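Data block below; observations after.
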Amino acid sequence: MIAALESWQAGLFHRRHLIRNVGAGLVVGVVALPLAMAFAIASGARPEQGIYTGIVAGLLAALFGSSRVSISGPTGAFVVILAGITAQYGIDGLQVASLMAGLILLAMGLVKLGGIIRFIPTPVITGFTAGIAVIIWVGEWKDFFGLHPAVAGRHFHEKLAALIQALPGLDLPTTMLSLAALAIVVIAPRLTRRIPSPLIAMLAVTFAQAYWQFDSVATIGSAFGGIPAGLPPAHLPQVGFARMLELIGPAFTIAMLGAIESLLCAVVADGMAGTRHDPNQELVGQGVANIVSPLFGGLAATGAIARTATSIRNGGNSPLASIVHALVLIAIIVALAPLAANIPLAALAAILFVVAWNMSEAHHFGDLLRHAPINDKALLLITFLLTVFADLVIAVNVGVLLAALLFMKRMSETVRIEGETPDSLASLCPVGVPPGVQIYTIDGPLFFGAAATFERTLAGLHDQVEAVIFRLGRVPFADATAMHALDDVVRHFQQRHIRVRVCEANPRLARKLGDFGLTARIGQQDAAVSVLDALAEVTPAPAGEPRADAS
């Protein structure tokens, strides 16, 4: 419980901080209520399961994670994945996948893979996040407009076509309530920040529906039969071993997205609160939360940036705020659950409209399209379109793969192999370089992406050269492909009776050259010698003097 212990040692549980954290927890608990129900319904689950998720994740991630101020629970980022799993495998399959994702997150944290998430580039993260936002937005049309679309396929374009065809039959009372809720969510923060705007919208639309009693407006009561009061008993979802094997892929998807979102949330929290988190311990906390959440009827959870920011802005600076937020949700579901049956689904759909807009980061998306390099623009659009029209898993995999290939291409372009001139060597060799000796300086990492450049540059070496020296002082590392290319070059030179020496290699590279057998092949004992020593080995000695030779 690193975050809790550090907060205790820092005095953040002292009475002067206690009131601030309790107040922040109360506010976040109220904010989390409509969001938790909305995310659960959009994921194909029952509304109370979102509340259970907020309770369990709010407690365990705060206690076992490393961020003092992060608030965890159900989030919009998971909606697309979880809805697909629910449609294909049912609620039990969704809960087993969430539990398996928790085990994966726990393992990632224990083997210290928290830092690897930072290698996913911004265009990929922005692309799939914006894609998820579009899917959430379109997915809420049904409840926002009171539509009854025909049964459509699993793909986005099929669902979109069915919704567009159903638009002429929209339900007017439902649409009016949705627009009223949307207006409240957007306008209320400009008037007051003391009461969360999603709560105001949900209560206002609920009272309107209770007063006018529109028969065509769907509510939690009409759609789900209400919300049971109290907490569910612990139970293990019943899924066979064969089905568990099928869920490995979805579980990894949940785990990867959960890791990305939770660590992004922790970074944002650090920037706002001036704290520092341990990414590995944060994954451990998220893993524990996702393991336990399905056992109590919950779903997958991760760090929630909006709720975390709300907590910090209201004075939260310790895990106590998250714990209080979970206790608020417990109090609501125990005491006020029967009243939730009157909440219109239109209110929750309007809230998710705003969530989708905030998730899309439209301004950031536009900035990248306007100002990013052309390769990053392509990466952004490819990830976005694959997320929307294909699959989030495919989008992330393709995005990361393309980013890696583009990075390797850029790295290979930075590798330079330049022949030294008498002027460039004047300071090192005052007496000059003997005729027939060519010195090359290699600048940059020698890896498989640069191997072709290496071979191509040296292929045109003229026949008058008697010896070649490679300066490796600016080569930080070399991989097996580059070593093999260098070995081929050495063989080629030796067939032409051209002597080869290497010099100035760093200790690790010198050791690799020795292990690969290159230094032995060229008759050299140490690849870390200076360029003067290498020159001495390949330069004929004056008459009567022995020639220095490392062999």
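Tally the residues that are of a type in the set (A, V, I, L, M), free of Cβ contacts under 8 Å to residues at least 40 places away in the same chain and under 22 Å from A97 (Cβ atoms), restricting the search to the range 229-271. Spell out the reasoning first.
At the first step, the residues of the range 229-271 found to be of a type in the set (A, V, I, L, M) are 229, 231, 234, 236, 239, 242, 244-245, 247-248, 251, 254-257, 259-260, 263-264, 266-269.
Checking which are free of Cβ contacts under 8 Å to residues at least 40 places away in the same chain leaves us with 242, 245, 267.
Next, only the ones that are under 22 Å from A97 (Cβ atoms) stay: 242, 245.
Summing the residues that are of a type in the set (A, V, I, L, M), free of Cβ contacts under 8 Å to residues at least 40 places away in the same chain and under 22 Å from A97 (Cβ atoms) in the range 229-271 gives 2.
Among the residues of the range 410-419, is any touching a Ser or Thr at 6+ places or on another chain (Cβ under 7 Å), at pLDDT 70 or above, outside any helix (DSSP H, G or I) and open to solvent by 40 Å² or more (accessible area, probe 1.4 Å)? Checking the range 410-419: at least one residue is touching a Ser or Thr at 6+ places or on another chain (Cβ under 7 Å), at pLDDT 70 or above, outside any helix (DSSP H, G or I) and open to solvent by 40 Å² or more (accessible area, probe 1.4 Å).
A304 falls short on exactly one of the conditions (1) surrounded by fewer than 23 Cβ atoms within 10 Å (Cβ to Cβ); (2) in contact (Cβ under 8 Å) with a residue 40 or more places away in the chain, and that condition is (1).
Hey, T275 hits all of (1) assigned to a loop (DSSP other than H, G, I, E, B); (2) at pLDDT 90 or above; (3) of a type outside the set (F, W, Y) but one; which does it fall short on? With respect to (1) assigned to a loop (DSSP other than H, G, I, E, B); (2) at pLDDT 90 or above; (3) of a type outside the set (F, W, Y), T275 is out only on (2).
Of all residues being open to solvent by 10 Å² or more (accessible area, probe 1.4 Å) and in contact with an Asp or Glu (Cβ under 9 Å, 6 or more places away or on another chain) in the range 9-53, which is modelled with the lowest pLDDT? Just the residue, please. In this case the residue turns out to be L12. Residues that are on the phi > 0 side of the Ramachandran plot and open to solvent by less than 30 Å² (accessible area, probe 1.4 Å) do not occur anywhere in the range 111-134.
The number of residues in the range 455-488 that are modelled with pLDDT under 85, crowded, with 17+ Cβ neighbours inside 10 Å and not in a helix (DSSP H, G or I) comes to 1. Scanning the range 205-228 for residues that are open to solvent by less than 40 Å² (accessible area, probe 1.4 Å), touching a residue at least 40 places away in the same chain (Cβ under 8 Å) and assigned to a helix (DSSP H, G or I) yields V205, T206, Q209, I220, G221.
Residue pairs whose Cβ atoms lie under 8 Å apart, sitting 6 or more positions apart in sequence or on different chains, and linking a residue in the range 507-531 that is over 15 Å from H484 (Cβ atoms) to a partner that is among the acidic types (D, E) and at pLDDT 85 or above, are A528/E504; V529/E504; S530/E504; V531/E504.
Answer yes or no as to whether L177 is at pLDDT 95 or above and surrounded by fewer than 16 Cβ atoms within 10 Å (Cβ to Cβ). Show your work before the answer.
Details: at pLDDT 95 or above: yes; surrounded by fewer than 16 Cβ atoms within 10 Å (Cβ to Cβ): no.
No; evaluated as a whole, the condition is false for this residue.
Flag not set for A340, criterion: within 28 Å of L177 (Cα to Cα), open to solvent by less than 30 Å² (accessible area, probe 1.4 Å) and within 24 Å of the chain's Cα centre (by Cα).
For the range 229-238, indicate whether the set of residues that are under 29 Å from the mean Cα position of the chain (by Cα) and surrounded by 15 or more Cβ atoms within 10 Å (Cβ to Cβ) is non-empty. Checked the range 229-238: at least one residue is under 29 Å from the mean Cα position of the chain (by Cα) and surrounded by 15 or more Cβ atoms within 10 Å (Cβ to Cβ).
The values are calculated or read from the model by the stated rules, or taken from the named source; none is laboratory data. If you're wondering where the values come from, they're calculated on a predicted model, not measured in any experiment. All Cβ positions, glycine included, derive from the backbone under ideal geometry; neighbour counts span all protein chains shown. Accessible surface is based on the protein model in full, side chains and every heavy atom, while ligands, DNA and RNA are left aside. Shrake-Rupley method; radii C 1.70, N 1.55, O 1.52, S 1.80 Å.
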